[in-house]
Amino acid sequence: MRKQKPVKDSFVIMTELVLPNDTNTLNNLMGGRMMHLMDIAAAIAAQKHSNRIVVTASVDNVSFREGIRLGNVVTLQAQVTRSFASSMEVHIDVWAEDIPSGTRIKSNEAFFTFVAVDQSGRPIDVPEALPETPEEIALYEGALRRRQLRLVLAGRMKPEEATELKALFAME
Ligand SMILES: CCCCCCCCCCCCCCCC(=O)SCCNC(=O)CCNC(=O)[C@H](O)C(C)(C)COP(=O)(O)OP(=O)(O)OC[C@H]1O[C@@H](n2cnc3c(N)ncnc32)[C@H](O)[C@@H]1OP(=O)(O)O
């Protein structure tokens, strides 16, 4: 039987200060720099779940809703939502805080997929993920649908095999 682990055991919180080297000419945090931070935080969550080396397989849509300013404190919170055979979906929330004014805004969120690999880079099975809270259960239940969508978009699944997606769009 596959080992089981509560999703909360993978929780990661990472805090960074936006410095001049991280910004564009408008003093906003550059998107690529933010993606880098998100990749690291989400990868650590996947490693905590799998106790394995992980590689980033894909990143779902990331929209930059609000610019993050020079001097802001960026907080990233990542947690595994569900695991499949060797892959894990990780949800990540990004917050920006301006400490002098006491304001804190949610900048963006995203889903990353990581694959656990052995020393030769071959995919290897990971523990099952157990959601407990209502929020964790909602993310767990949506994960199969999101997996099918990203695999179809990556050309790794035929649309007709995406049963969860078909059910979503099925008309009475
Ligand atoms: C020694 C330890 C030190 C630790 C110290 C601490 C470090 C502190 C942390 C810092 C960590 C930084 C982490 C950065 C991590 C990178 O940036 S890694 C670099 C970027 N990523 C890569 O180079 C990955 C390159 N791609 C690959 O290696 C292979 O395509 C993959 C992803 C392993 C898949 O291999 P494959 O042979 O195609 O395998 P296949 O059996 O078809 O699929 C395996 C799984 O991948 C899934 N998959 C494949 N493609 C996709 C896709 N496009 N979308 C979603 N899922 C996919 C499949 O659905 C399948 O899932 P399961 O059904 O098994 O659950």
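Below are the figures for this structure:
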| item | result |
| --- | --- |
| Fully extended contour minus Cα-Cα distance, from residue 15 to residue 154, at 0.36 nm per residue | 46.9 nm |
| Cα centroid of the range 93-172 to Cα centroid of the range 1-75, whole Å | 14 Å |
| Residue-averaged [θ]222 nm for the chain, counting only DSSP H segments that reach four residues, each worth -39500 (n - 2.57) | -9000 deg cm²/dmol |
| Stretch gain in nm, segment residue 40-residue 2, where the contour uses 0.36 nm per residue and the Cα spacing is subtracted | 11.0 nm |
| Per-bin percent of Cα-Cα distances, the chain [5 Å] | 1, 9, 16, 18, 17, 15, 11, 7, 4, 1, 0, 0 |
| The range 4-131, relative contact order in percent, only Cα pairs under 8 angstrom and at least six apart counted | 32 percent |
| Two-site FRET efficiency, residue 106 against residue 53, from Cβ-Cβ distance with R₀ of 35 Å, rounded to 0.05 | 0.70 |
| FRET efficiency estimate (nearest 0.05) - Cβ-Cβ, residue 161 to residue 99, R0 45 angstrom | 0.35 |
| Protection-proxy order for peptides 35-44, 103-112, 74-83, 19-28, each taking the mean of Cβ atoms within 10 Å per residue, highest first | 74-83, 35-44, 103-112, 19-28 |
| Inter-site label distance for residue 63 and residue 170 at 7 Å from Cα along Cβ, in nm | 2.9 nm |
| Antiparallel %, DSSP beta bridges [both residues in the chain], to 5 | 90 percent |
| Nearest 10 degrees, 0 to 90: helix 134-153 Cα axis against the chain principal axis | 80 degrees |
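All of the numbers you see were taken from the coordinates with simple rules; none came from a lab. Just so we're clear, the structure is a prediction, and the values are computed from it rather than from any experiment. For neighbour counting, all protein chains shown are included, and Cβ atoms are generated from backbone atoms with ideal geometry for every residue, glycine included.
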